[in-house]
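Input: one structure, supplied below.
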Amino acid sequence: MSELIRFGVSIDEKLLKKFDQLIEDGYTNRSEAIRDLIRDKIVEEKCQDEEEDVVGTLTLFYDHHQRGTTEKMMTIQHDYYSLFKSNLHLHLSHHICLEVIIVEGKRKKLNEVTQKLIGLRGVKHGKLTVSAVDESL
Ligand code: NI
């Protein structure tokens, strides 16, 4: 870790009060909360870059009774096999399955495969959530 730098921040009183309310349950001091906000913004910016290597989860809700959906999902995952690291499958109800997949790779490729999976008939909802590992943070 590099050297800690102290700096002053001018902030509107009302805004600071709202910030303190926001962090009161999870943080013991403002410094750590501000550091986390900065880290979050840096990671968010990184994740917007389509050429960036990112890791994350792809969550899919689908109807396994919909004809062909499961097979098409498998075909797409095999087409992009290097992105898919681990799957968790839960039978949520008689019809609906939840699949949580740990993914890793270029943001552009993950967006592409996510669109293909979400676009399948029978997939009710899907969401890709990513983060970028930056050890300098
Ligand atoms: Ni299932």
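Read the figures in this text as sums done on the coordinates, not as results from a lab. Quick caveat: nothing in here was measured; it's all calculated off a predicted structure. Don't worry about glycine lacking a Cβ; one is built from the backbone with ideal geometry, like all the others, and counts go over all protein chains shown.
If you count, for each residue, the other Cβ atoms within 10 Å and average over each peptide, how do 109-117, 20-28 line up from highest to lowest? Can you show the working numbers first?
Numbers: 109-117: 17.4, 20-28: 11.0.
Averaged packing, sorted descending, gives the order 109-117, 20-28.
Quick check: residue separation of ASP79 and THR59 times 0.36 nm, minus the Cα distance between them. What number comes out in nm?
On the way: separation 20, 0.36 × 20 = 7.20 nm, distance 1.82 nm.
Here the segment from ASP79 to THR59 would lengthen by 5.4 nm.
Starting from the Kirkwood Rh over alpha-carbon pairs, what translational D in µm² s⁻¹ does the stretch 1-96 have by Stokes-Einstein at 25 °C and 0.890 mPa s? Mind dumping the intermediate values first?
Numbers: Rh = 18.4 Å.
D, rounded to a whole number, is 133 µm²/s.
Of the options THR57, SER82, ILE118, report the single residue whose Cα projects farthest towards the positive end of the charge dipole of the chain (beta-carbon charges: Lys, Arg +1; Asp, Glu -1).
ILE118
Run lengths n ≥ 4 of DSSP H only: what is the helix-derived mean residue ellipticity at 222 nm for the chain, with -39500 (n - 2.57) per run over all residues, to the nearest 500? Don't skip to the answer; put the middle values down first.
On the way: 4 runs with 53 residues, N = 137.
That calculation yields -12500 deg cm²/dmol at 222 nm.
Another question about this same structure. Ranked highest first by average number of other Cβ atoms within 10 Å, how do 74-87, 43-56 line up?
Numbers: 74-87: 12.6, 43-56: 14.5.
For the peptides 74-87, 43-56, the packing ranking is 43-56, 74-87.
Among the listed pairs LYS41/LYS116; LYS46/LYS109; LYS72/LYS106; LYS41/LYS127; LYS18/LYS46, which are separated by more than 26 Å between their Cα atoms? The partial results should precede the final answer.
Numbers: LYS41/LYS116 28 Å; LYS46/LYS109 15 Å; LYS72/LYS106 22 Å; LYS41/LYS127 20 Å; LYS18/LYS46 28 Å.
LYS41/LYS116; LYS18/LYS46, as the Cα separations exceed 26 Å there.
Compute the signed sum of charges (Lys and Arg +1, Asp and Glu -1) over the other residues within less than 11 Å, Cβ to Cβ, of ILE23. Intermediate values should be presented prior to the final figure.
Working: positive: LYS18, ARG30; negative: ASP20, GLU24, ASP25, GLU32, ASP36.
After counting each charged neighbour, the total is -3.
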